[in-house]
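For reference, the structure discussed in these notes is given below.
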Amino acid sequence: MIDRERVLAKLDEMRGYLAELRAIAPSTIEEYRRTATRRACERLIQICVECVIDVCQLLVSGLRLGLPAEEADLLDKLDSASIFSPGTVDLLRRMRGCRNILVHEYGRVSDEIVFETVRSHLGDFDRFAGEVIDTLP
């Protein structure tokens, strides 16, 4: 059984980080490239994605979809169970990939991609949250 309260708490946490990110979202790439702004945006995106992964773990566990061997298995299990609408799992894979670059391959971080994410793709997190809420009992 899905732990509804834990899932909702994690979604609320994510929404809080998104609100912070939206509050500091720069209007131009030049504003974004200011060190403090860039680092804040990168970190907030990272922890938003980590909230997404935590929710996915709660769903896989609660729905008894099996034990994932690694993070990527979480998404495969959710995809196989058709928990999300078509395309959402691919979106989640891209989010996870972005987070991995931010965390593990720092030299490859593209200012343009992170800026574009902040300017145009924060709604993807809202979409995820909406689909999760639709799956809850």
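Just so it is clear, none of the values below were taken in a lab; they were calculated from the coordinates. Note that the structure is predicted; figures quoted are calculated from it, not measured. All Cβ positions, glycine included, derive from the backbone under ideal geometry; neighbour counts span all protein chains shown.
Structural remarks
- Of the residues making up the stretch 61-82, just one is over 16 Å from the mean Cα position of the chain (by Cα), surrounded by 17 or more Cβ atoms within 10 Å (Cβ to Cβ) and of a type in the set (A, V, I, L, M), namely L65.
- Qualifying residue in the stretch 40-59 (condition: more than 14 Å from the chain's Cα centre (by Cα) and loosely packed, with under 13 Cβ neighbours inside 10 Å): no
- The one condition in (1) buried (at least 17 other Cβ atoms within 10 Å of the Cβ); (2) farther than 17 Å from I47 by Cβ that G123 fails to fulfil: (1)
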